[in-house]
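Novice: Have a look at this one before I ask anything.
The values are calculated or read from the model by the stated rules, or taken from the named source; none is laboratory data. Since the structure is predicted, the reported quantities are computational estimates derived from the model, not experimental observations. A quick note on method: Cβ atoms are made from the backbone with ideal geometry, for glycine too, and the neighbour counts reach across all protein chains shown. Side chains included, ligands, DNA and RNA excluded: accessible areas come from the protein's heavy atoms. Shrake-Rupley method; radii C 1.70, N 1.55, O 1.52, S 1.80 Å.
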2 protein chains.
Amino acid sequence: MPAPLFSSADETETAFYDALSRADIEALMALWAEDEEIICIHPGSVRLVGHATIRASFEAIFERGSVHIQPVQLHSSRNMMTAVHNIIEEVHRSAEMTQDIHILTTNVYVKTAVGWRIVLHHASVAPGRAPNELFRASMLH
Amino acid sequence: MPAPLFSSADETETAFYDALSRADIEALMALWAEDEEIICIHPGSVRLVGHATIRASFEAIFERGSVHIQPVQLHSSRNMMTAVHNIIEEVHRSAEMTQDIHILTTNVYVKTAVGWRIVLHHASVAPGRAPNELFRASMLH
């Protein structure tokens, strides 16, 4: 089955967190750009470069089960070719929810001939609970 | 004095680390895009959004002195409008050099009417010493 052709970075991002929630390694890896310079940094971990290394890291994560993340409080900048998303990841694992940390993630998407793909996923740990930040989307209501 | 007009992301990145090394807040802030969605994440810290908040954070850093960083082991992806740099930051402070950590940073630059500007700086801590990674630039020699 060919990989779906996502027409926006938002669709690709939704598919990314969906693949994580289903521990679907094939769906997950099909979302990355066909470029050996793709970068993945898991929270508190070293930098991973290229498809083989990144795939192996997610396979190791999925051995412990799927990962349920709700991306919230998006800030983005975009142009015709690139979208830069910075989000707070709400990780739905009961153990993690009690910790006094939150995860900040930068996801960068580029428009390719086969739709919007991920070129960079950089996640890191921040202290304290996620701030309940007022942001533009909520101010529209 | 008007801000210099940088003709590439590389030039803007050089100017960013130069401004840090001189604790020059005006030069540093002139490198950011004129957009209130700009994002800065210092290692281990919360997300900062917008010029005023980011400026205040660097002013607080500069009160403790300038910051000497050598960006190394660049991985990048770019198109006509955007450049995504992922680097390892070598921080030249004697105390830090003895620690068993390194800093991973994603810098995103966009081409604007007034040259290439920063829209996102996301730095985080990784365990262990910086890997002595073979990368393309070194393989050219």
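Novice: Within segment A:30-50, work out how many residues are within 14 Å of chain B (Cβ to nearest Cβ) and assigned to a loop (DSSP other than H, G, I, E, B). Steps first, answer last, please.
Specialist: To start, the set of residues in segment A:30-50 that are within 14 Å of chain B (Cβ to nearest Cβ) comprises A:32-50.
Retained after the next criterion (residues that are assigned to a loop (DSSP other than H, G, I, E, B)): A:33-38, A:42-46, A:50.
Of the residues in that region, 12 qualify.
Novice: Do the conditions hold for B:Ser57, that is, is it closer than 23 Å to A:Val49 by Cα, of a type in the set (Gly, Ala, Ser) and not in a loop (DSSP other than H, G, I, E, B)? Give the steps one after another, and end with the answer.
Specialist: Numbers: closer than 23 Å to A:Val49 by Cα: no; of a type in the set (Gly, Ala, Ser): yes; not in a loop (DSSP other than H, G, I, E, B): yes.
Spelling it out, it is not the case that B:Ser57 is closer than 23 Å to A:Val49 by Cα, of a type in the set (Gly, Ala, Ser) and not in a loop (DSSP other than H, G, I, E, B).
Novice: Still on this structure, I have one more. Taking the criterion of being facing another protein chain (nearest Cβ under 9 Å), over 19 Å from B:His85 (Cα atoms) and either in contact (Cβ under 8 Å) with a residue 24 or more places away in the chain or touching a His at 6+ places or on another chain (Cβ under 6 Å) (or both), would at least one residue in segment A:94-115 satisfy it?
Specialist: yes
Novice: Out of segment B:2-29, which residues are part of a loop (DSSP other than H, G, I, E, B) and on the phi < 0 side of the Ramachandran plot? So that I can check it myself, show each step before the final result.
Specialist: The initial filter retains those residues of segment B:2-29 that are part of a loop (DSSP other than H, G, I, E, B), namely B:2-8, B:23-24.
Across segment B:2-29, the qualifying residues are B:Pro2, B:Ala3, B:Pro4, B:Leu5, B:Phe6, B:Ser7, B:Ser8, B:Asp24.
Novice: Still on this structure, please answer the following. Could you list, in sequence order, all residues of segment A:1-14 that are under 10 Å from the mean Cα position of the chain (by Cα) and buried (at least 21 other Cβ atoms within 10 Å of the Cβ)? Give the derivation first.
Specialist: Within segment A:1-14, the first condition is being under 10 Å from the mean Cα position of the chain (by Cα), and the residues that meet it are A:12-14.
If the condition is that a residue be under 10 Å from the mean Cα position of the chain (by Cα) and buried (at least 21 other Cβ atoms within 10 Å of the Cβ), then A:Thr12, A:Glu13 are the ones that fit.
Novice: With the condition kept exactly as written, say whether any residue in segment B:56-68 is touching a His at 6+ places or on another chain (Cβ under 8 Å), at pLDDT below 95 and under 21 Å from B:Ile103 (Cβ atoms).
Specialist: Yes - at least one qualifying residue is present in segment B:56-68.
Novice: Against the conditions (1) free of Cβ contacts under 8 Å to residues at least 24 places away in the same chain; (2) under 20 Å from A:Thr106 (Cβ atoms); (3) not hydroxyl-bearing (Ser, Thr, Tyr), where does A:Asp24 fall short? Just the number, please.
Specialist: (2)
Novice: Taking segment B:68-89 only, how many residues are open to solvent by 20 Å² or more (accessible area, probe 1.4 Å) and within 15 Å of B:Phe16 (Cβ to Cβ)?
Specialist: 7
Novice: When residues of segment B:51-61 are filtered for being open to solvent by 30 Å² or more (accessible area, probe 1.4 Å) and away from chain A (no Cβ under 14 Å), how many remain? Give the derivation first.
Specialist: Of the residues in segment B:51-61, the ones open to solvent by 30 Å² or more (accessible area, probe 1.4 Å) are B:51-53, B:55-56, B:59-61.
Narrowing the set further to residues that are away from chain A (no Cβ under 14 Å) leaves B:52, B:55-56, B:59-61.
Looking only at that region, the number is 6.
Novice: Hey, another quick one. Pick from segment A:31-50 the residues that are closer than 21 Å to B:Asn79 by Cβ and either in contact with a Leu (Cβ under 6 Å, 6 or more places away or on another chain) or buried (at least 16 other Cβ atoms within 10 Å of the Cβ) (or both): which of them is modelled with the lowest pLDDT? Explain how you work it out, then say what you get.
Specialist: Of the residues in segment A:31-50, the ones closer than 21 Å to B:Asn79 by Cβ are A:31-40, A:49-50.
Imposing the further condition that a residue be either in contact with a Leu (Cβ under 6 Å, 6 or more places away or on another chain) or buried (at least 16 other Cβ atoms within 10 Å of the Cβ) (or both) reduces the set to A:31-33, A:37-40, A:49.
Numbers: A:Leu31: 98, A:Trp32: 98, A:Ala33: 96, A:Glu37: 93, A:Ile38: 96, A:Ile39: 98, A:Cys40: 98, A:Val49: 96.
Filtering first and then ranking leaves A:Glu37.
Novice: Here is a list: B:Val110, B:Val125. Which entry is at pLDDT 90 or above and more than 23 Å from B:Ala15 (Cβ to Cβ)?
Specialist: Working: B:Val110 fails: more than 23 Å from B:Ala15 (Cβ to Cβ).
Criteria check complete, one pass: B:Val125.
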